[in-house]
Amino acid sequence: MIEVAHEEYSKDPNGFEKLLIDAEKPLYEGCKKYTKLSTLVKLYNLKVRYGWSDISFSELLKTLKEILPTTNELPNSLYEAKKTLGALGMEYEKIHACPNNCCLYRKEFANATECSECGQSRWKNVKDRNEERKQIPSKVIWYFPPIPRFKRLFRSIECAKNLTWHASEGIEDGKLRHPADSPAWKLVDFKWPDFGSEPRNLRLALSADGVNPHGDMSSKYSCWPIVMVIYNLPPWLCMKRKYTMLSMLISGPKQPGDDMGKLKT
């Protein structure tokens, strides 16, 4: 449902702008604390945190809409709520993965039933009450496309200016103040001059919270968030919460470690 909403508004920029304006309206006339968008985000966070079912969440929205003033902007179903959040670039894609982190079941492996590298089955051996085997993936990765978020950043005059700060306001005096002063940045400029000559090209870093890159330490996490950071920004903005982006959530107790590269392809 979220993907459908995003495709709909991607083809209609004016529709997206209208939805964005509507999402920033007060929840109801005279309400100063909550907007339609902030209310939906807060409720959706509660849904995820406490494991509410889709049906119970839809019923809650209907009840709240009846309780609030008749002019309220709250959607009356989960489907409508997802359309709002999806058009704001909060869509995601669920991708099946090998439980040993060998590959993702997409592109040429989209229809595969087992891993070509380790031979592990794509599916768990789960049976329902009728003893019929159900196809439940052994491992799932949630992928959050970054391109729509990058586009929104460049649509803001202030953000677009900050994204080229390293080229327009950076000081070159041999001191390391910013990633642009590092040997790694200069190596990229040397190896790919066409990329390096355009200051709007984004330099990204991935941070895997809790992931041990060497894979030789025990861990008890149930999922692994992969956070993306934009190094083009000024040093006082690079690590600000508003500019850090969740790019993937990897399920399961086994940390990706040095298999991270396979999961990014």
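Please treat every number below as a calculation from the coordinates, not as lab data. Since we're looking at a predicted model, the values are computed, not measured.
Among the listed pairs LYS94/LYS161; LYS161/LYS186; LYS186/LYS240; LYS32/LYS83; LYS42/LYS151; LYS25/LYS139, which are separated by more than 32 Å between their Cα atoms?
In this structure, LYS94/LYS161; LYS25/LYS139 exceed 32 Å between Cα atoms.
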*Work out, step by step, the length gained on full extension between GLU117 and LYS25: first 0.36 nm times the residue separation, then minus their alpha carbon distance; give nm to one decimal.*
27.9 nm
